[in-house]
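The values are calculated or read from the model by the stated rules, or taken from the named source; none is laboratory data. Just so we're clear, the structure is a prediction, and the values are computed from it rather than from any experiment. Glycine gets a Cβ as well: all are built from the backbone with ideal geometry, and neighbour counts include every protein chain shown.
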Amino acid sequence: MLQQLLERLEVREQQLACPASELVARLREVGAEREALQITGKTIRAMSAELEQTPAPVLPDGAAHQ
C-alpha cells in the first residue's frame, strides 16, 4: 500500500515536471519582453524630453513655404 502511494506520487511529480519547466521558460520570455519594454519606454521619454527642449525652426513667410 505504501509502495503504491509512493509510485503514484512519483508519477504525479513527473506529470508536473514538464508543465513546470514550460512555465519557467515562459516566465523568462515574459521577463525579457518586460525588460525590452522598459528600455523602450526610457528611450521614448528621453527623446520626448529632447524634442520639447528643441525650439521649432522658424520658416519663411513666403507662399512657397505655406
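Residue by residue, here is whether (1) modelled with pLDDT of 95 or more; (2) in contact with a Gly (Cβ under 9 Å, 6 or more places away or on another chain); (3) acidic (Asp, Glu) holds:
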position	(1), (2), (3)
Leu16	no, no, no
Pro19	no, no, no
Val30	yes, no, no
Glu33	yes, no, yes
Thr54	no, no, no
Pro57	no, no, no
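Applying the selection to the range 1-44, what residues are basic (Lys, Arg) and under 17 Å from the mean Cα position of the chain (by Cα)?
Arg26, Arg28, Arg34, Lys42
Test Glu52 against the stated conditions and say whether it is surrounded by 10 or more Cβ atoms within 10 Å (Cβ to Cβ) and out of contact with any His (no Cβ under 6 Å at 6 or more places or on another chain).
No.
Kindly check whether there is at least one residue in the range 33-40 that is outside any helix (DSSP H, G or I) and without any contact (Cβ under 8 Å) to a residue 24 or more places away in the chain.
Checked against the condition, which is being outside any helix (DSSP H, G or I) and without any contact (Cβ under 8 Å) to a residue 24 or more places away in the chain, the range 33-40 yields no hits at all.
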